[in-house]
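Taking it in order: structure first as structure tokens, then the write-up.
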Amino acid sequence: MQVFKAFLKILKSRFPSAVIYIVLFFVVGMLMTRSEATESAWEKVQLKMVVEDLDNTAESRALAEILGKGNEIIPPLASEDDLTDALYYTTVDYAVTIPAGFGEKLAAGETAGLLETRHIHESYATADVEMLIGKFVNTYGACRKLGYNSPEAANEAVKTLSDTPAVEMLQKETEKKNSAELLLIFFRYMPYILLCVILNMLCPALVVMSKKDIRFRTDCSGIRPSSYTMQIFAASALYIGVIWLIFVVAGGALNGVMYTGRLWLVVLNSLVFALFTGVLALFISEFAPSETVVSLMTQLCSLGMCFLCGVFVDQALLGNGVLRVAQFLPAYWYVRLIRIVNGDIPFDGGEVALALGIQAGFVAVLVMLCILVHRAHYAGPARKMA
Amino acid sequence: MKPTVVKIDNLVKRYGELVALDHFSLEIKEGEIFGLLGPNGSGKTTTINCLLSLLSYDKGDIEVFGKEMTPVSYDTKSKIGVIMQNVAVIEELSVRENIDYFCGLYVLDKAKRKECVDWAIKFVGLEEFENFRPKKLSGGLLRRLNIACGIAHKPKLIILDEPTVAVDPQSRNRILEGIQELNRDGATVIYTSHYMEEVEQICTRIAIMDKGRKVAEGTKDELKGMIKNSESVTIEILELPEEIREKIATLPHVYETEYDGTKLTVRCSGGRHNLIRILGVLQEAELGFGRVYSELPTLNDVFLEITGKALRDSKE
């Protein structure tokens, strides 16, 4: 098991960079699933207001009452300087002084120069207060025109403006995600991280072991090639298995889901895809690329496949041309199976088997290609020709 | 008589039109340090690769430890240690882990392997660096690690293919001393190089290769005895009349003289008093001369005379 152990040590030396990918995936994944899960809500902003009523009439009291609804009323400050400081340091957002004669002017139908207002920081909330004052003046004027006397008009205006319609955030019921659906979103993104982590870690380790000089030294030794290959396979499989298991367990734990029923299909789906990724790493490493090339290949395979096949963008949103091309890639079938389990496509056992079978087919084809390329590189054991 | 460890008989290896090994034969006895000397491209590495069954060949037979060598001769392979020109170590493993890994390809028993690894680390003097990664080692230390990886399993046959290329003199001496020590401990050594001084220094028997053929084989003295030149006398002299040069050329055992205006080179074949006779002629003619050198033939002279070209300058 010497080769097995050495290979795991090589993988271990590269594991810290895998951890970065894994942690980033979990953080981004959690944020994304949480954002999908959270229902939108809103709350009206409360302003800290100083309302100084110097008029003390039915109109002025009515206006003060309207302004006090939904805002925090602060008692008048001792001096003008104190008010300026308070506005500057935002301990007060808005100051309204209702001067003496306000009620008379309002009853006389005046609309301009009725109040003294002060604020420093512009916001939607301050604009809202100004609109509210405007509405009060207009409503009061309308009531007067309807024949109400001054106190009655002021009361009517208060009543009318107090009837704030309830605001409800409209949300389609179908957009509220349950835990299983969130898990499926997690699994939908999994091909990207599997490709990144497995290709970036496994390829360089395999390249190290198949370096010409290392290979030469190994071939000179008493170890049988079959034993050597089996140990490399076993170590690779262990690594792929551990990575896959981390994601499957973490996916379930983070979303609070126990794997039951059709969710096992998704787990099996991810296992087949992880196998495909491992075999892809074997295939790439047969060409003994440099680390830069491995990184490039990883980005190309992971981003290219994920964008084309509907990992990042829902397949329903992708064009027919893109989907036709994507059908030649295993990630398409991976995502398709998730869509079947999610109910986006009617469940059909044949379709599920097809999606899994095609991915397994990709694995088989890549294994054959690996063997062919390997044989071409290492033209078999030496023997006397004649 | 000591048993034969390696027997190569009539080996032919072709790369298309190029004949890399042309009916090459060799026999190496137990306990020898056998030198394969030849310029780059002469077929040394091809011979080693065929010997290790890493390369197919067109004709001939190879026996190692009395058994035919085939790609599946795992028992035979386990008795061989190979140290190649290129450093073959795993960058991700420490010095100890590297030696342990390569030793583990031969020695499965953990306790025995630990002993072997400890011995190899001590043997190459890497005790202080055993937890270092290879990239932290200097070129010389890296070569030592390369050797340790090849010998840790205590092979009976050690093949070293130009192990001192690009190595500083201090490390080179240490490597050569190490090879001799391994030989004293009972290992048979095949040493390939195009550095004739190294081969001359450590090898008990030498085969000279050129263009895939063995052009000479024997001990150092036997090889030197194969050539005409047994002594070269060089004298710094600024004025040498032609009649004096002719007189020297007629001295016993002198077969060639060469004068370039500042230096007279006289090549002799055999004889014991060549230098005294040559200096006697110059003194008799009352000619002044500067420094005088008398050199015995080197393997380079052997190679030069046999192949018609200098060993180090040969490029193929």
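Summary of values
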quantity: Filter result for A:VAL294 (of a type in the set (A, V, I, L, M, F, W, C), modelled with pLDDT under 90 and within 24 Å of A:HIS374 (Cα to Cα)); calculated: yes
quantity: Condition check for B:VAL89: in contact (Cβ under 8 Å) with a residue 60 or more places away in the chain and under 30 Å from B:LYS13 (Cβ atoms); calculated: yes
quantity: Residue, most open to solvent (accessible area, probe 1.4 Å), within region B:47-82, restricted to residues that are hydrophobic (A, V, I, L, M, F, W, C) and more than 9 Å from chain A (Cβ to nearest Cβ); calculated: B:PHE65
quantity: Matching residues in region B:54-68 - criterion: being modelled with pLDDT under 90 and hydroxyl-bearing (Ser, Thr, Tyr); calculated: B:SER56
quantity: In region B:152-184, the residues that are modelled with pLDDT of 90 or more and in a loop (DSSP other than H, G, I, E, B); calculated: B:ALA152, B:HIS153, B:LYS154, B:PRO155, B:LYS156
quantity: Residues that are closer than 27 Å to B:PHE303 by Cα and open to solvent by 60 Å² or more (accessible area, probe 1.4 Å), drawn from region B:229-258; calculated: B:THR250, B:PRO252, B:HIS253, B:TYR255, B:GLU256, B:GLU258
quantity: Odd one out for B:MET226, checked against (1) touching a helix residue (DSSP H, G or I) at 6+ places or on another chain (Cβ under 9 Å); (2) open to solvent by 60 Å² or more (accessible area, probe 1.4 Å); (3) under 15 Å from B:LEU282 (Cβ atoms); calculated: (3)
quantity: Residue within region A:59-70 that is assigned to a strand (DSSP E or B) and modelled with pLDDT under 90 present; calculated: no
quantity: Identity of the residue in region A:81-111, of a type in the set (Asp, Glu) and over 24 Å from A:THR57 (Cβ atoms), that ends up surrounded by the most Cβ atoms within 10 Å (Cβ to Cβ); calculated: A:ASP93
quantity: Count of residues meeting criterion [more than 27 Å from the chain's Cα centre (by Cα), more than 9 Å from chain A (Cβ to nearest Cβ) and assigned to a helix (DSSP H, G or I)] in region B:99-112; calculated: 3
quantity: Any hit, region B:188-206, residues being over 17 Å from the mean Cα position of the chain (by Cα) and either surrounded by 15 or more Cβ atoms within 10 Å (Cβ to Cβ) or not in a loop (DSSP other than H, G, I, E, B) (or both); calculated: no
quantity: Residue check for B:VAL281: in contact with a Ser or Thr (Cβ under 8 Å, 6 or more places away or on another chain) and more than 26 Å from B:GLU198 (Cα to Cα); calculated: no
quantity: Tally of residues being hydroxyl-bearing (Ser, Thr, Tyr) and either touching a residue at least 12 places away in the same chain (Cβ under 8 Å) or closer than 21 Å to A:PHE287 by Cβ (or both) across region A:209-226; calculated: 2
quantity: Residues of region A:71-104 satisfying the condition of being among the charged types (D, E, K, R) and out of contact with any Ser or Thr (no Cβ under 9 Å at 6 or more places or on another chain); calculated: A:GLU72, A:GLU80, A:ASP81, A:ASP82
quantity: Check on A:CYS220, farther than 14 Å from A:SER295 by Cα, open to solvent by less than 30 Å² (accessible area, probe 1.4 Å) and within 14 Å of chain B (Cβ to nearest Cβ); calculated: yes
quantity: For A:ALA234: the one exception among (1) crowded, with 16+ Cβ neighbours inside 10 Å; (2) part of a helix (DSSP H, G or I); (3) touching a residue at least 12 places away in the same chain (Cβ under 8 Å); calculated: (1)
quantity: Hits in region B:280-299 (condition: open to solvent by less than 40 Å² (accessible area, probe 1.4 Å) and either part of a helix (DSSP H, G or I) or in contact with a Cys (Cβ under 7 Å, 6 or more places away or on another chain) (or both)); calculated: B:GLY280, B:VAL281, B:LEU282, B:LEU299
quantity: Which numbered condition B:GLU92 fails, given (1) over 29 Å from the mean Cα position of the chain (by Cα); (2) of a type in the set (Asp, Glu); (3) more than 8 Å from chain A (Cβ to nearest Cβ); calculated: (3)
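The values are calculated or read from the model by the stated rules, or taken from the named source; none is laboratory data. Everything numeric in this text was worked out from a predicted model, so none of it was measured. A quick note on method: Cβ atoms are made from the backbone with ideal geometry, for glycine too, and the neighbour counts reach across all protein chains shown. In case anyone asks, the SASA skips ligands and DNA or RNA and just uses the protein heavy atoms, side chains included. Shrake-Rupley method; radii C 1.70, N 1.55, O 1.52, S 1.80 Å.
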